[in-house]
Amino acid sequence: MSRVPSLEDLGNVNGKRVLVRTDFNVPMSGPDDARVITDDFRIRAALPTIEWLTSRGAHVVCASHLGRPKGKPVAKYSMAPVRARLHELAPGVELLENLRFDDGEEGNSPEFVSQLIAGIDMYVNDAFGAAHRSHASVVGPPRTLPSAAGRLLQKEVEVLGAMRDNPKRPFVAVLGGAKVSDKMGVIEALLNIVDSLVIGGGMCFTFLAAKGYPVGDSICELDQVATCRRLLDSGKTIYLPDDIVGLDANGDFATYGVRLPDGAKGLDIGPGSAAAFSDVIMDARTVFWNGPMGMFEDERFAAGTRTVAEAMAATKAFTVVGGGDSAAALAQFKLDDEVDHVSTGGGASLELLELGDLPGLAALRGAPNVR
Ligand code: ADP
Ligand code: MG
């Protein structure tokens, strides 16, 4: 992969109008016409890039999506509260209205790209979480404008790229979450680069079914069983849980081995599996974790995810966490400062590991200043 241009590759930015694609998709609450930002972390995270530009005399115009307004203006998703906060943190910096108020954004329409870059001299992408989408604001501006990755995007590419291409071994991927079908592409790609794969969460039941175990009423995707069986037969090391906790047919908390009786629902890995997974993490030199080990939102089924999170914090390995829910779990256990990197993009981090590139990065590499 050739190099993705960084801010230094823009040349002289003094007096230039620079469009910065940010990820200001912040959590909000309150009534639709008076929304309040509940966490401004994503706005603060963009400040290093914004200040690099403004301190060198550039005029910065930010642009972001917020929520899923589906191509038309929706009061609930107005950028006004974000703009007010941005003005407090970075006076003089502009913020366009929600990109997804126009269906040209997700549709990648040339007209919308022209509208975005009118009067703009340069483009910076600092929105890793959107870099896997071929949306207008991600792939359009670099076709004609000198372009670069901002500091957040650059860090993601460096960390995930190094982990994919040159990991310290043993390299272990720990995968969980609800559905195996969401992540089959990345599971197959990871199998080629990791030394072992650890599987928990809802997706473990499709693998357990592939081994012939009854999974009761647990979440299980029958159309993926054959693929899981092929992966299990591939000769690679795949660790699955050997104890499960969940609810029995009466809705009471219950502990099982790998065979779940009729009506039982597996909702977390059991303590024995959590300890075994934690040993694998402690012995690794690189660990990538995506997807909770159980339904951690319910305290009764959070223990497996907590044990894995504690091992991620304790191991000497280089540790990377990707995925919105995994990052939320880590924050819930107050362990987010104890890992080496928490990726800001769930889907984008998985796609970068799977394919080694993203549409937003390819677009930057093709920009006129680096072509
Ligand atoms: P991430 O956002 O980190 O990529 P996912 O979105 O793939 O993770 O999965 C997170 C969801 O998976 C959580 O809401 C969690 O409750 C759910 N989950 C985990 N284990 C189970 C299970 N055994 N049964 C049902 N849902 C589960
Ligand atoms: Mg999720």
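The values are calculated or read from the model by the stated rules, or taken from the named source; none is laboratory data. If you're wondering where the values come from, they're calculated on a predicted model, not measured in any experiment. Glycine gets a Cβ as well: all are built from the backbone with ideal geometry, and neighbour counts include every protein chain shown. To get the accessible areas, we keep the full protein, side chains included, count just its heavy atoms, and leave off ligands, DNA and RNA. Shrake-Rupley method; radii C 1.70, N 1.55, O 1.52, S 1.80 Å.
Quick look at the values:
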read-out: Antiparallel bridges, percent of DSSP beta bridges restricted to segment 169-316 (to nearest 5); value: 40
read-out: Peptides ranked, highest mean first, by Cβ atoms within 10 Å: ranges 7-14, 28-35; value: 7-14, 28-35
read-out: Global geometry of segment 123-262, whether rounded, prolate or oblate, following the gyration tensor of its Cα atoms and the 1.5 cut on a/c; value: prolate
read-out: Eligible lysines near Lys168 by straight Cα distance, threshold 23 Å, same-chain separation 8 or greater; value: Lys155, Lys236, Lys316
read-out: GNM top mover of Ile244, Ile269, Ile37 - the chain, alpha-carbon springs below 10 Å; value: Ile37
read-out: Above-threshold pairs, the threshold being 31 Å between Cα atoms, out of Lys72/Lys265; Lys72/Lys334; Lys183/Lys211; value: Lys72/Lys265; Lys72/Lys334
read-out: For segment 93-193: relative contact order, % (alpha-carbon pairs under 8 angstrom, 6 or more apart); value: 22
read-out: Å³ per residue enclosed by the Cα convex hull of the chain; value: 145
read-out: Segment 300-371 shape via C-alpha gyration tensor axes, a/c threshold 1.5; value: prolate
read-out: Percent carbon-and-sulfur accessible area, segment 169-316, ignoring ligands, DNA and RNA, probe 1.4 Å; value: 48
read-out: For segment 15-131: rounded, prolate or oblate by the Cα gyration tensor [a/c cutoff 1.5]; value: oblate
read-out: DSSP-defined antiparallel bridges as percent of all bridges, the chain, nearest 5; value: 25
read-out: Surface per residue (accessible, 1.4 Å probe) for segment 1-130, Å²; value: 46
